[in-house]
Each structure stands twice: as C-alpha cells, then as structure tokens.
1. Looking at Arg77, Arg120, which one is at pLDDT below 85, within 21 Å of Asp10 (Cβ to Cβ) and over 17 Å from the mean Cα position of the chain (by Cα)?
2. Sort out which residues of segment 31-43 are in contact (Cβ under 8 Å) with a residue 24 or more places away in the chain and either part of a helix (DSSP H, G or I) or open to solvent by 30 Å² or more (accessible area, probe 1.4 Å) (or both), and write them in order of number.
3. Which residue pairs have Cβ atoms under 6 Å apart, sit 6 or more places apart or on different chains, and have a first residue in segment 1-30 that is surrounded by fewer than 16 Cβ atoms within 10 Å (Cβ to Cβ) and a second that is in a loop (DSSP other than H, G, I, E, B) and basic (Lys, Arg)?
4. If you check Glu53 against the conditions, is it of a type outside the set (Phe, Trp, Tyr), more than 16 Å from the chain's Cα centre (by Cα) and part of a loop (DSSP other than H, G, I, E, B)?
5. Identify, from the list Leu91, Leu25, the residue that is modelled with pLDDT of 90 or more and out of contact with any strand residue (DSSP E or B) (no Cβ under 8 Å at 6 or more places or on another chain).
6. Identify, by number, the condition in (1) of a type in the set (Gly, Ala, Ser); (2) at pLDDT below 95; (3) surrounded by 16 or more Cβ atoms within 10 Å (Cβ to Cβ) that Gly50 doesn't meet.
7. Which residues, counting only those in segment 7-24, are within 18 Å of Thr49 (Cα to Cα) and of a type in the set (Gly, Ala, Ser)?
8. Can you tell me which residue within segment 101-117, out of those that are closer than 29 Å to Gln74 by Cβ and of a type in the set (A, V, I, L, M, F, W, C), is modelled with the lowest pLDDT?
Amino acid sequence: QIIMGSLLGDGMIRIRSTDSACFSLANQEQPEYLQWKIQHLPLIDFRLTGTRERPRYDSEYSVEFKTLRDRFYQGNRGYRFVPEDMKLTALMAAVWYMDDGNLGDSAYQDIQSPQICIKRLTHDRDKTNAAIKALESLHDDFKGQVIMSGPSLRIKGKVAETFWGLICEYV
C-alpha cells in the first residue's frame, strides 16, 4: 500500500532493462517521512543512491517492479497515470496526501479542503478522470465530491472531515 500510494505521489520506478526495474524514493524536504516509508517497507532492500543533501533510495532491480512500472507508466514517457482499476485504501490515500497534498483554500467553507497535486501524473483528460475515480473509491460519500482545482484534486469541504478521519492514523 505504501508503494502504491508513493507511485501516485513522490515515488517512481526506474527501468534498467526490458524485464527489470527498481522502486525509488526521494524527499529532501521531509527526511523523517522518507525514513518512515523505508522503515515500513522492511522486505525491500534499499540503498542510498543520492547525496546526504538530496537523499534518494533505490530498491534492488526486479521483475515485480517492472510489472508495476508497466501498470503506472505508458510507453517511455516520464509521466505516470492512475490505473483505471485503482481502489485506494486509507493508507494509500495517506501516503499520496503526505507526498503531494496540502490544505487548499478555505475561503469557501468552514473546514479546509484537502488537495492533492497531480502535476507528476499525466494531464490526459481520461487519465485525470481515473485519478478522480481512484480518490472517490476511498469512500462512498466521495462520489461527485472530488474535483480538479488547478493542478490538484480537491475534496469538497462537506466530506473533508471524512477524508481526515480515514487518513489520520497514518499522518
């Protein structure tokens, strides 16, 4: 779940050949969060490939990560996309939010609306709709409550409390 949430946010898959790839994590602004992710993936052997100032950790190369790459990337373009059949869990949503989320603009409502930037994801309209659909899959009340707001997905204020309640144990 942490890997899947990361692939929606800051994580990436680096390809080495036609049949292997590695999972890569980096976050120079939040080094403690980067370590939290690595500690919660104990079965993956990560090695530091960046610098102390710009840490990046890469897993070993494997066929499994190449399979995930094929699911999240199209062709050789760098943009990722959300698979059509993606069903989020609270942990996946929390990781995605911690990677690329913010509190949004609260000018319209009493509670701040969570927003998740999707600039790393493709801007193809059908694929953007898949990102909305994935976020809506988190809870039945989210249907029709996730909208595009600039380069971000925004959860409308009236269900924001539900979103916070779902992810709070991980954030």
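1. Exactly one of Arg77, Arg120 is at pLDDT below 85, within 21 Å of Asp10 (Cβ to Cβ) and over 17 Å from the mean Cα position of the chain (by Cα), namely Arg77.
2. Pro31, Tyr33, Lys37, His40
3. Gln28/Arg54
4. Numbers: of a type outside the set (Phe, Trp, Tyr): yes; more than 16 Å from the chain's Cα centre (by Cα): yes; part of a loop (DSSP other than H, G, I, E, B): yes.
Yes.
5. Only one candidate qualifies: Leu91.
6. Just one mismatch for Gly50, condition (3).
7. Kept after step one, since they are within 18 Å of Thr49 (Cα to Cα), are these residues of segment 7-24: 10-16, 20-24.
Across segment 7-24, the qualifying residues are Gly11, Ser20, Ala21, Ser24.
8. Taking the candidates together, the pick is Cys117.
The values are calculated or read from the model by the stated rules, or taken from the named source; none is laboratory data. Just so it is clear, the structure is predicted and the values come from calculations on it, not from any experiment. Cβ coordinates were reconstructed from backbone atoms using ideal geometry, including for glycine residues, and neighbour counts include every protein chain displayed. Just so you know, the surface numbers come from the protein's heavy atoms only, side chains and all, with ligands and any DNA or RNA stripped out. Shrake-Rupley method; radii C 1.70, N 1.55, O 1.52, S 1.80 Å.
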